[in-house]
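Q: Before anything else, here's the structure in question.
The values are calculated or read from the model by the stated rules, or taken from the named source; none is laboratory data. All figures in this text were calculated on a predicted structure; none of them were measured in a lab. FYI the Cβ positions are ideal-geometry reconstructions off the backbone, even for glycines, and counts take in every protein chain you see. To get the accessible areas, we keep the full protein, side chains included, count just its heavy atoms, and leave off ligands, DNA and RNA. Shrake-Rupley method; radii C 1.70, N 1.55, O 1.52, S 1.80 Å.
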Amino acid sequence: MPTQAEIFKKVSATLVEALNVDHEEIQPTSTLQGDLGAESIDFLDIVFRLEREFGIKIPRNELFPESIFQGDPEFVLNGKVTEKGLKELREKMPFADIGKFERNPDMTAISDLFTVDMIAKYIEGKLGSKA
Amino acid sequence: MRLKDQVAIVTGGSRGIGRGIVKAFAAEGAKVAFIYKGNQAAADSLVAEVAQAGGIAKAFQCDVTNFDDAEKVVEAIEKDLGLVNILLNNAGVIRDGLFVGMKLEEWNTVIQTNLGGVFNFCHAVAMKLARQRKGRIINISSVAADNSNPGQTNYAASKGAVNSFTRALAVELAGRGVTVNAIAPGFIETDMTENVRNKAGDLIKKMIPMKRLGQAEDIAKVAVFLASADSGYITGQIIKVDGGLSLGAVAM
């Protein structure tokens, strides 16, 4: 079973290929869209590459949920994610670090949850890796 | 040579417009893999004709309506010729007849070939092109998408859908440097238009401001342009190549 460091290295290499960015640009906290310029097709490409790289199956919408709240007003009200919405987020994306987002749960910032570290944590969870 | 060492797939390549495109691509230096459904003799003669002219064309048998087969044949082509750079979807059929008498099978055959074939091959190739961050997809549509003729509800619907598909896919792939365009031919002198030409005779030429039917080469020249680096800033466009037919002028 690969270590966390090995997983991070492989995830970084995958992102270099998929997003056409330099290795140096990839930090654990880099956001895929904001920092690394990912577009919607890139998210699919990343999923396909991770599946092959790690020999795992990634169900659609598990790693990058596209419409996690589906317009439900209980989850999102006036552009802010509600308490119930945040609970849903924690359940659906236990691998994401939502601490910063919780302090200002503005929907426009939700893509900031998608970081390099988030992918690495997701893979760790899938493979059951230990440090 | 504008397509030197580019690997191109042309569906419906053994006859008509597709055949003209295969020859033109090969003449511009592309390594062309063309798809044919059943006419082995036509496919063989095209391979020989291109080789004679000093080009490279290889024939691959595949029914474009089959999703899995499309994927398999693209894999086989890449194994043989290398990474695909250009996809030209030309395979198309007509099953003309007034709508009230149209059989479900006639509807399905046209939609599954003309639209389904475009879906199947684009699906097999799109991510490959996106990963290379460059590529060309060219769909052969028809002026019949916008200019309605009686007896072509199925054909017009399929080509109208190809136009919409072309624009929508162009938006998705633009960020990855892949362009997606369509060519909408008017009346081209091929087997497909033979019946109409026989029935309508000189009337067709009167409808065309340029007073002549198009040739496969007229379409092939535009296809070469769209496949080449020269068209790099054009995407999501439907280019009519019809001698002015779609302008709707009344003959004087």
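Q: Go through region A:3-27 and give me each residue that's of a type in the set (S, T, N, Q) and either within 14 Å of another protein chain (Cβ to nearest Cβ) or not in a helix (DSSP H, G or I) (or both).
A: A:3, A:14, A:20, A:27
Q: Filter region B:53-68 down to residues that are more than 11 Å from residue B:32 (Cα to Cα), of a type outside the set (Gly, Ala, Ser) and touching a residue at least 12 places away in the same chain (Cβ under 8 Å), then give me how many there are.
A: 7
Q: What is the one condition in (1) assigned to a loop (DSSP other than H, G, I, E, B); (2) open to solvent by less than 80 Å² (accessible area, probe 1.4 Å); (3) modelled with pLDDT of 95 or more that residue A:35 does not satisfy?
A: (2)
Q: Take the residues in region B:226-252 that are closer than 15 Å to residue B:184 by Cβ and part of a helix (DSSP H, G or I); name whichever of them is least open to solvent (accessible area, probe 1.4 Å).
A: Looking at residues that are closer than 15 Å to residue B:184 by Cβ and part of a helix (DSSP H, G or I), I get B:226.
Q: Does region A:45-57 contain at least one residue that is open to solvent by 60 Å² or more (accessible area, probe 1.4 Å), within 19 Å of residue A:124 (Cβ to Cβ), assigned to a loop (DSSP other than H, G, I, E, B) and of a type in the set (Lys, Arg)?
A: Yes, the conditions are met somewhere in region A:45-57.
Q: Please go through region B:128-144 and give me each residue that is within 12 Å of chain A (Cβ to nearest Cβ) and either open to solvent by less than 10 Å² (accessible area, probe 1.4 Å) or in a helix (DSSP H, G or I) (or both), ordered by number.
A: If the condition is that a residue be within 12 Å of chain A (Cβ to nearest Cβ) and either open to solvent by less than 10 Å² (accessible area, probe 1.4 Å) or in a helix (DSSP H, G or I) (or both), then B:128, B:129, B:130, B:131, B:132 are the ones that fit.
Q: Of all residues being aliphatic (A, V, I, L, M) and in contact (Cβ under 8 Å) with a residue 60 or more places away in the chain in region A:39-57, which is nearest to the other protein chains (Cβ to nearest Cβ)? Just the residue, please.
A: So, considering only residues that are aliphatic (A, V, I, L, M) and in contact (Cβ under 8 Å) with a residue 60 or more places away in the chain, the one nearest to the other protein chains (Cβ to nearest Cβ) is A:46.
Q: Among the numbered conditions (1) surrounded by fewer than 19 Cβ atoms within 10 Å (Cβ to Cβ); (2) over 30 Å from residue B:30 (Cα atoms), tell me where residue B:154 comes up short.
A: Of (1) surrounded by fewer than 19 Cβ atoms within 10 Å (Cβ to Cβ); (2) over 30 Å from residue B:30 (Cα atoms), only one is false for residue B:154: (1).
Q: Please determine whether any residue of region B:59-68 is part of a helix (DSSP H, G or I) and under 23 Å from residue B:227 (Cβ atoms).
A: no
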